[in-house]
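Asks: Pasting a structure here, questions to come.
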Amino acid sequence: MSDDLGTFFDPEELARAEQQRQQHAADKDSETSGNGQGTWPLPEPLIAQKEDADPYPLEALPPIIRDAVSEYQPYGQQPLPLIAAAALSCVSLATQGLADVARDDYLIGPISLYCLTIAVSGERKTSADNWFKAPLVRWMVVTRDAQQAEVDEANAVIAAWEAKRAGLLAKIKAATGKPVGKDSPSVKQLQDELVELAQDKPDPVLIPRLFYEDTNSPTLACDLASDWPSASLWSDEAGLVVGAHGMSDDMAMGFFGLLNRLWDGKPFDRDRNTVRRAYVRGRRFTACLMMQPVVMARLLSIAGGACRAMGLLSRFFLAWPSSTIGTRKYKDVAELPAISRLGRRIEELLNLPLPVDPEAPAIMALRPPVLQLTQRAHRAWACFHDDIEAELGKDGRYADVADIGAKVAENAVRLAAQFHILNHGVQGEIDSKTFYRAVLIAQWHLHDARRALGAFDRPQGIVDAEILLEWLLRQPAGPIEPRKILQLGPRALGKDVKRRDAALAVLVDYQFLIPLSNGRKRQYLLNPRAKEAL
């Protein structure tokens, strides 16, 4: 307890509290000393960063974003890159439907961004996410409420149409195979009426849905085909995404492929017997995922590493900032005007009419105008592209993240387009100063991706230990016998005794498991502080 905090309490009350604390600690020591080793040690992390992060280029952010991030950070005290990623994701979702961007006459594509931030539990991911996402949520709620009467009317019209269709189908069924009466319509006449009715099918009113979280490939494809055309995969607890049924080994590749298509902005026709058909056309999609290191490790291992092998991870701005836990003394705040200014600007952009393709108004398929680079900005982009490309070869600085480096120049252009829209709307061209700001951000993320992914490049024994630890944490408390791990343990380890023993040895070395002496029978006890270490 700090001296400052102690001044707010009565000395006798403090003395009693300290006595209770000491007694509680003694009781806890007694409970956890069953193996004769005294208090349980804090295990060492299985995943650790190998080098420090570079300082985040805060000054590269446009003033309206920079001011909001700088204003919030002393209050929330999360790592700066985590806060910035939340802000940039919000800007991406607000701008992505308004324009595409051209790198040259042929390289034209969306401006959407995918952001992935790794942070341990307790890093206040949810708080940062909620502060910056608030205007998006508020706009969605207000817009839905304003549309409610229109939605109710449209639903009534659709219900009446469906009743007419059901009635015609019933008449066709009743008339089939029967002689036509004097005043009864023929089957052909009824079929013609059905065709005419189908051509007059009323359109539903689309209401904004900006966020998806616990979903899978079939569901997401079908929802996007008929829902709001600008949306996101968004989670401040991405274990809900990575651990969902849609991320099982059997389904993950389809999910990764769909997310790749959405980042590219390409149409997607899903036609399977098990679900309704979905034609995803004219959609723009952002991803904002915050996850713990153990969840990231799981994502990298799904379907034999398909997330990276299929190129999904290369599309992300990846960050693993240094933790601020342990340094965050409470700070009061009266107002946060810079966050309010950014929020108002985001709502202004959301209120702009989306550029809908006149040939597909019913599904609100987007056909955005194309933002161009000035000649100077284009030369800067070409230089940046070539400089990065030169570092992707076998002996280059980014050779181990060549997949991510190959897309960093495009991500920089996308980010520059968002900065331009934030400042100027969809008019004009993207100048070189705006592009240079985006380059500094994109290059920082490329460097941090190399640093972060290096922490997950580990020997097989460490990977197996992590898989085994995840399984052990779900088991009932009590001694653990190696033979039961072979019988009931994680499938990834199979029945391989050597892999099991190597994983157990790692968990003992890192103090997640404590060996027990019990004659010839090998047993282990899971360290009660295992979750604390994770």
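Asks: Can you pull out the residues in the stretch 344-395 that are exposed (fewer than 15 other Cβ atoms within 10 Å of the Cβ), in contact with a helix residue (DSSP H, G or I) (Cβ under 7 Å, 6 or more places away or on another chain) and of a type in the set (S, T, N, Q)?
Replies: none
Asks: Can you tell me which residues in the stretch 97-118 are closer than 27 Å to residue 379 by Cα and assigned to a strand (DSSP E or B)?
Replies: Matches in the stretch 97-118: 100, 101, 102, 108, 109, 114, 115.
Asks: Are there any pairs with C-beta distances below 6 angstrom linking a residue in the stretch 133-148 that is over 14 Å from residue 342 (Cα atoms) to a residue that is outside any helix (DSSP H, G or I), with the two at least 6 apart or on different chains, and if so which?
Replies: 140/208; 140/210; 143/208; 144/207; 147/207
Asks: Something else now. Of all residues in the stretch 106-149, count the ones that are among the basic types (Lys, Arg) and under 14 Å from residue 81 (Cα atoms).
Replies: Our first condition is that a residue be among the basic types (Lys, Arg); within the stretch 106-149, this holds for 124-125, 133, 138, 144.
Then keep just the ones that are under 14 Å from residue 81 (Cα atoms); that gives 124-125.
Matching residues across the stretch 106-149 total 2.
Asks: Further question on the same structure: Have a look at 344, 379 and point out the one that is under 25 Å from the mean Cα position of the chain (by Cα), basic (Lys, Arg) and assigned by TED's automatic domain parsing to the domain that holds residue 312.
Replies: None of the others qualify; the one that does is 344.
Asks: Is it true that residue 241 is of a type outside the set (Ser, Thr, Tyr) and under 24 Å from residue 308 (Cα atoms)?
Replies: Spelling it out, residue 241 is indeed of a type outside the set (Ser, Thr, Tyr) and under 24 Å from residue 308 (Cα atoms).
Asks: Of all residues in the stretch 511-527, how many are surrounded by fewer than 19 Cβ atoms within 10 Å (Cβ to Cβ) and within 21 Å of residue 458 (Cα to Cα)?
Replies: Qualifying residue count for the region: 1.
Asks: Looking at residue 299 and the list (1) at pLDDT 90 or above; (2) among the hydrophobic types (A, V, I, L, M, F, W, C); (3) over 21 Å from residue 118 (Cα atoms), which single condition is not satisfied?
Replies: Among (1) at pLDDT 90 or above; (2) among the hydrophobic types (A, V, I, L, M, F, W, C); (3) over 21 Å from residue 118 (Cα atoms), the lone unmet condition for residue 299 is (3).
Asks: Quick one: how many residues across the stretch 324-371 are modelled with pLDDT of 90 or more, within 30 Å of residue 55 (Cα to Cα) and of a type in the set (Gly, Ala, Ser)?
Replies: Selection size over the stretch 324-371: 3.
Asks: Shifting gears a bit: Kindly list the number of the only condition in (1) buried (at least 23 other Cβ atoms within 10 Å of the Cβ); (2) under 22 Å from residue 512 (Cβ atoms) that fails for residue 456.
Replies: For residue 456, the exception is condition (1).
Asks: In addition: Could you tell me how many of the residues in the stretch 360-416 are part of a helix (DSSP H, G or I), in contact (Cβ under 8 Å) with a residue 24 or more places away in the chain and of a type in the set (S, T, N, Q)?
Replies: The number of residues fulfilling the criteria is 1.
Listed here are the residues, each with its yes/no results for (1) within 30 Å of residue 471 (Cβ to Cβ); (2) free of Cβ contacts under 8 Å to residues at least 40 places away in the same chain.
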{"residue": "266", "(1), (2)": "no, yes"}
{"residue": "285", "(1), (2)": "no, no"}
{"residue": "292", "(1), (2)": "yes, no"}
{"residue": "299", "(1), (2)": "yes, no"}
{"residue": "316", "(1), (2)": "yes, no"}
{"residue": "328", "(1), (2)": "no, no"}
{"residue": "337", "(1), (2)": "no, no"}
{"residue": "348", "(1), (2)": "no, yes"}
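Asks: Suppose we filter 317, 255, 268 for residues that are closer than 14 Å to residue 115 by Cβ, surrounded by 15 or more Cβ atoms within 10 Å (Cβ to Cβ) and in the same structural domain as residue 57 (by TED's automatic domain parsing); which single one remains?
Replies: On the way: 255 fails: closer than 14 Å to residue 115 by Cβ; 268 fails: closer than 14 Å to residue 115 by Cβ.
Selected residue: 317, the only one of 317, 255, 268 that is closer than 14 Å to residue 115 by Cβ, surrounded by 15 or more Cβ atoms within 10 Å (Cβ to Cβ) and in the same structural domain as residue 57 (by TED's automatic domain parsing).
Asks: Sticking with this one: Looking at the stretch 484-498, which of its residues are under 13 Å from residue 471 (Cβ atoms) and surrounded by 13 or more Cβ atoms within 10 Å (Cβ to Cβ)?
Replies: 485, 486, 489, 490, 492, 493
Asks: Select the helices (runs of 4 or more DSSP H) contained entirely in the stretch 419-534, then report the ones holding at least 3 residues which are under 30 Å from residue 59 (Cα atoms), of a type in the set (Val, Ile, Thr) and touching a residue at least 12 places away in the same chain (Cβ under 8 Å).
Replies: Values: elements: 432-455, 460-472, 482-488, 497-509, 530-533.
Qualifying helices (runs of 4 or more DSSP H): 432-455.
Asks: Give 167, 122, 97, 109 a once-over and let me know the one that is touching a Pro at 6+ places or on another chain (Cβ under 7 Å) and at pLDDT 85 or above. It would help to see each step written out before you state the result.
Replies: On the way: 167 fails: touching a Pro at 6+ places or on another chain (Cβ under 7 Å); 122 fails: touching a Pro at 6+ places or on another chain (Cβ under 7 Å); 109 fails: touching a Pro at 6+ places or on another chain (Cβ under 7 Å).
After ruling out the rest, the residue left standing is 97.
Asks: Can I ask one more? Looking at (1) touching a strand residue (DSSP E or B) at 6+ places or on another chain (Cβ under 7 Å); (2) in a loop (DSSP other than H, G, I, E, B); (3) not charged (D, E, K, R), can you tell me which one residue 330 breaks?
Replies: (1)
Asks: Please go through the stretch 119-135 and give me each residue that is outside any loop (DSSP other than H, G, I, E, B) and more than 16 Å from the chain's Cα centre (by Cα), ordered by number.
Replies: Within the stretch 119-135, 131, 134, 135 meet the criteria.
Asks: Looking at (1) under 33 Å from the mean Cα position of the chain (by Cα); (2) under 16 Å from residue 467 (Cβ atoms), find the lone condition where residue 529 falls short.
Replies: Unmet for residue 529, out of (1) under 33 Å from the mean Cα position of the chain (by Cα); (2) under 16 Å from residue 467 (Cβ atoms): (2).
Asks: May I pose another question? Given the criterion farther than 29 Å from residue 82 by Cβ and either among the hydroxyl-bearing types (Ser, Thr, Tyr) or at pLDDT below 85 (or both), identify the matching residue among 523, 460.
Replies: 460
For (1) in the same structural domain as residue 354 (by TED's automatic domain parsing); (2) crowded, with 17+ Cβ neighbours inside 10 Å; (3) touching a Lys or Arg at 6+ places or on another chain (Cβ under 8 Å), each residue gets a yes or a no:
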| residue | (1), (2), (3) |
| --- | --- |
| 123 | yes, yes, no |
| 142 | yes, no, no |
| 155 | no, no, no |
| 192 | no, no, no |
| 201 | no, no, no |
| 206 | no, no, no |
| 220 | yes, yes, no |
| 232 | yes, yes, no |
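Asks: Of 465, 530, which residue is more than 16 Å from residue 42 (Cβ to Cβ) and surrounded by 16 or more Cβ atoms within 10 Å (Cβ to Cβ)?
Replies: Working: 530 fails: more than 16 Å from residue 42 (Cβ to Cβ).
Checking each option against the conditions leaves just 465.
Asks: Before we move on, is residue 72 more than 23 Å from residue 208 (Cβ to Cβ), touching a residue at least 24 places away in the same chain (Cβ under 8 Å) and out of contact with any strand residue (DSSP E or B) (no Cβ under 8 Å at 6 or more places or on another chain)?
Replies: yes
Okay, residues lined up against (1) in the same structural domain as residue 369 (by TED's automatic domain parsing); (2) more than 26 Å from the chain's Cα centre (by Cα); (3) of a type outside the set (S, T, N, Q):
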position: 421; (1), (2), (3): yes, no, yes
position: 427; (1), (2), (3): yes, yes, no
position: 433; (1), (2), (3): yes, yes, yes
position: 451; (1), (2), (3): yes, no, yes
position: 467; (1), (2), (3): no, no, yes
position: 475; (1), (2), (3): no, yes, no
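The values are calculated or read from the model by the stated rules, or taken from the named source; none is laboratory data. Every value quoted in this text rests on a predicted model; they were computed, and no experiment measured them. Heads up, the Cβs are rebuilt from the backbone with ideal geometry, glycines too, and the neighbour counts pull from every protein chain shown.
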